[in-house]
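Enquirer: Dumping the structure here so I can ask a few things about it.
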Amino acid sequence: MTRYAMVADLRRCVGCQTCTAACKESRATPPGVQFRRVLDLEVGEYPEVQRVFLPTGCQHCDEPPCLEVCPSTATRKRDDGIVTIDESLCIGCSACIMACPYDARSMVDAQAFAYGDEAMANERYRANPDRIGVAMKCDFCVDRVDAGVAKGLVPGVDPAATPMCVQSCISGALHFGDLDDPDSNVSRLLAENQSFRMHEDLGTGPGFHYLWDKGAL
Amino acid sequence: MRQNETARRQRNWDLRAAGNFIGGGSGTGLLIAAALATLLPQAGPGVAVWPVLVGMGFVMMGLGLVWLEIGKPWRAFNVFFHPQTSWMTREGFLAAPLLGCAAAAVWFQSAPLLWLAGLLAAGFLYCQARILKASKAIPAWSHPRTVPLIIATALAEGSGLFLLLGAAGSRTMIALALAAAIAREALRESYRRGLVQAGAPAGTLEWFGHPATRVLQGTRLLAMALLLAALLGVAGTLSPLLAALGGGLAAIGGFGLKIILVTRAAFTRGLRIPFTPSRGRGPTAAVLPAAMLRQGKR
């Protein structure tokens with residue numbers, strides 16, 4: 001089996017937002033919608049204050065709460081763990097947006113482009129009326145992953161089969177790979193470092209892991 | 001250590017969505033009250049026409065508003081595709097039989113059909129409450145005490161409207177409306193305490209002290225006082241008037257509660273980290289969860 005997951009090394013992330021820009025360029029999301037975000041968190045109180053850069057987005061959960069509430073079956077989970085949205089089925093009820101504790105889903109009511117009425121090349125390529133009035137989110141660049149696997153490439157290792165955010169990360173903070181493969185990059189990172197997942201108490205089983213210190217727990 | 005708040009108010013469900021919960025709650029509450037009224041010893045044969053028709057109207061209004069809310073209204077029938085886990089699908093499945101049974105109960109003046117409609121209404125109402133509870137992004141909705149609060153609110157609205165629509169002379173129905181209103185207040189307080197204990201976002205908790213919330217609370221307390229006065233018969237022949245007025249205020253208080261719950265107090269959970277990363281000279285630190293920060297820990 002395969003279980004694709006993302007690992008973000010919080011020690012390495014410098015908050016440059018290159019992943020954010022790469023995602024925006026690749027997916028041509030409407031203004032105000034961002035699949036890969038990096039939050040700038042402030043932790044502690046003066047004078048003991050730290051900034052933490054937190055890459056976030058769809059966590060591709062083991063038990064996606066968005067899938068459970070979706071009345072139209074538009075939200076699905078593939079065998080490899082990637083959670084997708086069938087835009088031709090979605091009714092735009094927003095129940096999934098209310099169910100996602102990671103604030104990873106968005107919806108827009110009208111077609112809009114970054115620079116007014118004129119669409120850029122990437123926006124023209126991705127323009128699709130089916131994306132208006134329905135839920136949208138990160139899908140781990142499933143088109144790149146599938147195309148890469150079809151060519152015999154390894155997602156997370158071969159750039160052409162790897163999500164754009166990971167591909168573009170300048171500090172080596174973002175990693176993508178197969179958790180079911182004990183020799184994959186993500187499996188090794190999780191075995192060698194201490195990690196957490198967000199809102200683990202909710203039982204969603206996020207497929208997005210954060211490294212915060214060296215050494216196994 | 002504490003982390004800055006990242007919770008924000010949800011922007012996707014507006015007054016139309018609140019109207020769905022108002023219509024569904026009041027409509028089903030009214031149908032349940034009408035069904036219960038047929039069991040009273042003094043009840044005549046047949047069913048009360050206007051309460052059932054108004055109850056159906058409320059349910060249809062709620063469904064109509066949610067239809068206006070969704071992004072792809074012409075695909076609305078896709079709502080029926082996921083009964084395995086979706087409470088929205090289950091609510092959709094119950095809507096047609098509920099309205100059909102209620103209409104048939106009026107047409108045939110059949111109490112048994114109205115009981116069946118009341119049962120379906122209870123199921124519809126439970127689905128609505130579970131739709132909110134399944135919303136894990138919104139702590140004010142996903143808290144387990146949301147379900148009894150929504151159900152009690154619907155019963156208070158429905159039984160109050162039932163008095164307003166002609167049953168204000170029945171002491172039993174006045175007692176039922178008063179009991180529902182008291183239960184709603186008790187469950188609301190329990191719900192508020194539950195949210196505080198669970199460390200709900202500050203934006204949510206602030207709404208419990210907001211002036212609009214206070215006014216609504218005053219409205220509901222006045223409704224209870226009027227219902228109690230009517231039940232005790234302190235106003236003599238004016239007691240039915242007090243009961244009708246109290247019932248109407250009980251319903252209005254419920255509408256306001258849902259508008260605030262859905263559109264104003266609905267803050268997201270926000271993103272939180274349990275540990276800071278080790279970088280540079282500083283050590284790592286555990287970041288306290290919101291519930292512990294609410295208890296004054298730093």
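Here, each number is a calculation from the coordinates, and none is a lab measurement. Note that the structure is predicted; figures quoted are calculated from it, not measured. Here the Cβ is made from the backbone with ideal geometry for all residues, glycine too, and neighbour counts use every protein chain on show.
Enquirer: Pick from B:Ala104, B:Ala121, B:Ala95: which is most flexible by mean-square fluctuation in a GNM of chain B where alpha carbon atoms under 10 Å apart are linked?
Expert: Maximum among the listed residues: B:Ala104.
Enquirer: At a Cα cut-off below 28 Å, give the lysines reachable from B:Lys258, other chains included and same-chain residues fewer than 8 away excluded.
Expert: Of all the lysines, those that pass the test against B:Lys258 - Cα under 28 Å, at least 8 places apart if same chain - are B:Lys72, B:Lys133, B:Lys136.
Enquirer: Here's another thing I want to ask about it. Taking every pair of Cα atoms in the protein assembly as shown, average 1/r, invert it to obtain the Kirkwood radius, and report Rg/Rh to two decimals.
Expert: 1.05
Enquirer: Cβ neighbours within 10 Å, averaged per peptide: list A:124-131, B:130-137 in order, most packed at the top.
Expert: Those peptides, ordered most packed to least, come out B:130-137, A:124-131.
Enquirer: Add +1 for every Lys or Arg and -1 for every Asp or Glu among the other residues with Cβ under 15 Å from the Cβ of B:Ala122, and state the total.
Expert: Taking every other residue near B:Ala122 into account, the sum is 0.
Enquirer: Would you mind working out the magnitude of the charge dipole of chain B relative to its Cα centre, with +1 at each Lys and Arg C-beta and -1 at each Asp and Glu C-beta, to the nearest 20 Debye?
Expert: Roughly 1620 debye, rounded to the nearest 20.
Enquirer: Per-residue Cβ counts within 10 Å, from other chains only, averaged over B:247-256: what number is that?
Expert: The per-residue average across the peptide is 0.
Enquirer: Tell me whether the stretch B:15-294 comes out rounded, prolate or oblate; compute the Cα gyration tensor, take square roots of the eigenvalues as a ≥ b ≥ c, and use a/c under 1.5 as the rounded threshold.
Expert: Oblate.
Enquirer: What lysines could a cross-link reach from A:Lys151, if we take a straight Cα to Cα line under 30 Å and drop same-chain neighbours fewer than 8 places away?
Expert: Here the lysines satisfying the reach criterion relative to A:Lys151 are A:Lys24, A:Lys77, A:Lys137.
Enquirer: If I measure Cβ to Cβ between cysteines in chain A, which ones have no partner under 4.7 Å?
Expert: Among the cysteines of chain A, those whose Cβ sits 4.7 Å or more from every other are A:Cys13, A:Cys16, A:Cys23, A:Cys61, A:Cys70, A:Cys90, A:Cys93, A:Cys100, A:Cys141, A:Cys169.
Enquirer: A:Ala191 versus B:Ala212, label points 7 Å from Cα toward the beta carbon: distance in nm?
Expert: 5.6 nm
Enquirer: Turning to a different aspect of this structure: Tell me the relative contact order for the stretch B:15-294 as a rounded percent, counting alpha carbon contacts under 8 Å between residues six or more apart.
Expert: Normalised by residue count, the contact order of the stretch B:15-294 is 21 percent.
Enquirer: Summing +1 for each Lys or Arg and -1 for each Asp or Glu, what net charge is found among the other residues whose Cβ lies under 13 Å from the Cβ of A:Ser171?
Expert: +2
Enquirer: 7 Å from Cα along Cα→Cβ at both B:Ala179 and A:Gln111: what's the point-to-point distance in nm?
Expert: 5.9 nm
Enquirer: Just rank B:Trp74, A:Trp212, B:Trp50, fewest to most, by other beta-carbon atoms within 10 angstrom.
Expert: Placing the least packed residue first, the sequence is B:Trp74, B:Trp50, A:Trp212.
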